[in-house]
Amino acid sequence: MNIILNGEHAELNGRTVADLIAQTAPQKPFAVAVNTAFVAKSAYAETVLNENDKIDIVRPVVGG
């Protein structure tokens, strides 16, 4: 399935946010948003992605 991950076109080998996390293995800590809506870690396995969804995996910014 084709998605847009952090502004870049990507191919997802799965259907859920959990599948995406397993595929990309982002460095912790991170947060996930699908079509600008935050997805709680507890909902990764049940959050189904669709063709051309826009997913952002972001790391918190620390410092001042």
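Checking each residue in the range 40-64 for being open to solvent by 90 Å² or more (accessible area, probe 1.4 Å) and under 12 Å from the mean Cα position of the chain (by Cα) picks out K41, K54, R59.
In the range 25-39, which residue that is more than 11 Å from the chain's Cα centre (by Cα) and more than 15 Å from N6 (Cβ to Cβ) is most open to solvent (accessible area, probe 1.4 Å)?
The residue in question is K28.
The values are calculated or read from the model by the stated rules, or taken from the named source; none is laboratory data. Computed from a predicted model, the values in this text were never measured in an experiment. Cβ: placed from backbone, ideal geometry, glycine included. Neighbour counts: every protein chain shown. Protein only, heavy atoms only, side chains kept; ligands, DNA and RNA dropped before computing areas. Shrake-Rupley method; radii C 1.70, N 1.55, O 1.52, S 1.80 Å.
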